[in-house]
1. If N is the number of residues in the protein assembly as shown, what value comes out of its Cα radius of gyration divided by 2.2 N^0.38 Å?
2. So how strong a dipole does the range B:1-131 carry about its Cα centre when Lys and Arg Cβ are +1 and Asp and Glu Cβ are -1, to the nearest 20 debye?
3. Share of Cα-Cα pairs in the range A:231-333 beyond 22 Å, in percent?
4. Rounding to the nearest 10 and keeping the result within 0 to 90°, find how far the Cα-based axis of helix B:329-356 lies from the longest principal axis of chain B.
5. Under unit Cβ charges (Lys, Arg +1; Asp, Glu -1), what dipole magnitude, rounded to 20 debye, does the protein assembly as shown have relative to its Cα centre?
6. Using only Cα atoms and rounding to the nearest 10 degrees, what angle (0 to 90) does helix B:358-375 make with the longest principal axis of chain B?
7. Answer with one residue from A:ILE329, A:PHE273, A:ALA310: the one whose Cα lies farthest towards the positive end of the charge dipole of the range A:231-333, charges on Cβ with Lys, Arg +1 and Asp, Glu -1.
8. R0 = 60 Å: FRET efficiency of B:ARG146 with B:TYR241, Cβ-based, nearest 0.05?
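Since every read-out is calculated from the coordinates, none of them should be taken as a lab result. Nothing here was measured: the structure is a model prediction, and the numbers come from that model. In this analysis, Cβ positions are derived from the backbone assuming ideal geometry, glycine residues included, and neighbour counts consider all displayed protein chains.
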Amino acid sequence: MRDRRAHSVLFGFDFQVNAAIVLMLENIKELSSLRLEGNEEDIELTLEGNRKILVQAKSVENASSDFSNVRANLKKALMTLSEGAQKVDAKQLIFITNSPNPFNDQYSRSIFWGPTRRPFSTLPSSAQEIVIGYLSTIAVPLDPQKFIVQVFPFETDDETERYKAVMQATNDFIGSLNANTSPGLGKKLLQVWHNNIFINGSKKDATIHLNKKNIIWPIIVLETDISRCEESFTEQFDAGVYDEVVHLYGKTIDSCCERVDFFARVLYDYNQFSCSKKPMDKCLEFVNCSWEDYKSEFAVPGIDNETLEALTKTVLYNVVRRRIIINKIKQGVNL
Amino acid sequence: MIFCSIHIKEGMAERTFNFSKGVNLIFSKENSKGKTTLLRFMLYSLGYSIPSTRKIKFDHCEVVAQIYCDGIGDMRLSRFHNDFIEVMVKSEKKTYILPDQLHELHSIIFGTENQNVLNNILGAIYADQEKGWTLLNRGTAIGSIRFNIEELIRGLSGCDCNDLICSEKQLERELGKYRQLFSVAKYRESIMAESGTLAADNYTVESAVAVSQLLIQQNALQSELKRIDKTLTDNKRIRHYVAEMKLMIQLPDGTTVPVTAENIVGLSDTIDFLVAKRKMISSDLRSVMHQLSGIQKEQHTEEEQLAFFKSESLLEVFDKKIAAVPIDAIAISKEIKRLEKTLKAIRKEISDKTKSDTGVTKSLYENMVKFATELGVGNSESIATSYLFTSNLKELSGAVLHKTVFAFRLAYIIEIEKHLGIKLPIILDSPSGKEVDQANIQLMVNILKRDFSDNQIIIASIFQYDFNSVNIIEINNRLIE
């Protein structure tokens with residue numbers, strides 16, 4: 001028999017991680033680091049200037065039908081947030097949940113459908129009263145003006161359904177980067193965040209602490225993968241040539257893009273190359289004009305001319321492309 | 001070519017043996033004193049791969065031989081190790097790797113690059129105590145060194161059969177494999193007949209496939225990780241190097257800026273990039289390894305359960321694996337027949353080509369018959385030309401075989417010397433072995449005295465022989481005393 005308690009702990013932790021991703025994306029420009037306290041259901045976002053956002057994440061497994069615990073969750077969250085607010089000067093105090101009826105209150109229920117973010121002042125009066133009621137029982141209550149109720153759907157064991165709101169937030173974020181990113185990146189990125197970044201290596205301490213770099217660099221790694229490449233570049237080769245070159249010489253191409261002794265030369269030449277076009281178009285023109293200067297580096301015995309040209313161009317293109325993408329993404333997230 | 005001297009050093013003990021141009025007798029009153037060992041040391045010093053004798057390990061000794069070659073004069077060969085030999089000719093030193101460069105070395109000593117001849121010189125000039133006196137025209141001279149009359153004749157007559165021999169070897173290899181495959185097929189048939197249920201079960205096959213796929217992924221990830229680590233280290237080294245240089249640059253507006261890792265375009269970014277990539281790949285690797293250990297654990301449990309139910313013996317596991325291999329005994333047997341036919345045809349062609357040069361064969365035959373007649377083992381009427389290539393040794397025995405072998409050997413030597421234009425030493429280990437009486441020995445000695453007076457003759461024996469002048473090398477208790 002499945003251990004129900006263990007299962008709900010896992011569910012709760014999964015919700016906490018995804019809530020953290022949603023909040024992180026909302027604040028990505030100002031974000032400097034992120035902290036998840038597994039045992040306390042705490043999320044703490046540190047923004048530039050050391051300002052904090054304190055969050056309590058409370059999940060309900062059958063969120064759309066079971067409202068029996070939502071008020072207890074709210075009460076507990078208000079207590080913890082109030083305690084937290086005494087320790088640090090928080091900019092916002094957020095209660096985040098997956099319940100579409102977080103106050104178990106028929107008057108406010110309709111406004112929490114789908115992803116919702118409601119500062120205290122915009123809550124229906126019935127909901128405000130419930131909050132005030134709970135705060136009155138706390139010795140040093142939090143400032144209601146900093147309090148925000150946030151809801152996003154997170155339910156069922158089916159991954160697509162469970163993560164649909166997080167997925168949407170991720171895709172919106174990638175779209176906002178304006179980095180000409182390729183389709184499918186959102187899904188892959190969320191996968192990396194789930195599997196690689198938001199996991200806790202140590203068993204004793206349930207805390208996850210991440211800085212902005214930890215979160216953002218995987219996007220760049222994924223997006224600059226040499227197998228993802230613009231058609232405007234690959235269309236100059238016969239069908240399949242680009243894929244074959246990447247398949248056969250992938251390691252060489254990666255190494256050239258990653259070794260400072262090589263890419264510094266290419267970037268210098270690219271910088272000296274005068275062209276008034278947009279970066280990606282300049283990159284294409286640069287590759288076509290300069291590849292012959294570099295081909296001797298790759299002229300190994302047995303390589304035919306067509307492959308040599310494709311390999312050299314692919315290396316140059318990817319060195320410059322990687323530089324452009326890194327700049328765009330870093331600018332987009334203010335890294 | 002003659003041996004002038006040989007110096008052997010084993011640990012602290014060492015001894016030099018000097019040889020004369022003519023007849024040398026390595027003599028000891030009793031057996032097992034080291035005569036054979038000394039002869040073998042001499043061959044060892046020429047670079048041959050010679051098996052050690054029981055008392056002395058060649059590999060532990062330092063052997064230096066002085067020889068005189070008709071073509072280039074004095075030569076010093078120093079062999080301190082099995083794997084190489086140092087050769088000094090006219091104060092020029094060269095090292096040869098053995099056995100790879102053995103032919104190169106021997107082409108200098110014997111003055112020919114003809115491999116077919118070089119391969120067979122030892123079998124002609126050296127008669128081993130054991131195998132030597134039964135080696136007529138094909139077989140082992142010593143250790144793994146073989147003698148083959150066809151090869152020798154091809155070498156002497158300049159007949160090129162290399163392509164044919166290559167395809168013969170290739171066919172032999174193939175045939176050997178097919179024969180083994182055939183026996184496996186037969187074995188498979190027999191186990192299939194015994195029980196129809198030996199097919200490997202799907203679970204085992206599937207989980208084995210899953211494991212190998214994961215292993216492939218694991219290898220790829222590990223090698224990528226290694227590559228990233230290396231790049232990361234190299235880049236960090238450059239970063240460090242740049243910082244150490246303490247360079248400054250001046251901008252067009254006159255301001256100066258220190259060159260640091262941070263303001264080199266792309267350097268810090270790439271390091272961050274690699275760190276992130278490394279993290280992602282290690283996490284993939286971790287997940288693959290986790291899956292792998294999961295499957296392996298499952299397999300293990302399965303095996304344990306099976307073991308509890310019925311322990312599978314090694315033989316049963318093997319049978320299952322064999323049963324899973326699709327091989328067809330009939331098809332293999334057809335292929336074997338075809339290969340055998342082709343091989344036979346090729347061998348016939350080689351043999352025909354070898355015997356087609358009548359000059360060398362005739363001369364070999366004539367000399368052999370001459371010596372055989374003199375030794376009383378036959379004459380031109382009782383011995384046909386084809387006897388040179390006989391493979392029937394059973395009809396000869398005892399002293400007759402001994403003398404016939406001697407006649408063949410001398411004929412080979414004459415022919416090789418004619419081809420190379422040099423004189424070869426004749427090395428005989430215990431020519432009085434077997435049941436050969438004094439009269440027969442005298443007949444052999446007479447031939448050597450008369451026809452081979454210009455050759456260096458080295459005999460190891462416990463008997464004395466009737467030569468005009470003999471350089472006696474006596475061994476008392478041990479070779480190196």
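1. Details: Rg = 44.2 Å, N = 816, 2.2 N^0.38 = 28.1 Å.
Against the compact-globule rule of thumb, the ratio is 1.57.
2. 540 debye
3. Working: 1451 of 5253 pairs.
Looking at the range A:231-333, the distances longer than 22 Å represent 28 percent of pairs.
4. 40 degrees
5. Approximately 1160 debye in magnitude.
6. Its long axis makes an angle of about 50 degrees.
7. The Cα lying farthest towards the positive end belongs to A:ILE329.
8. Values: r = 61 Å, r/R0 = 1.02.
Plugging the Cβ-Cβ distance into 1/(1 + (r/R0)^6) gives 0.45.
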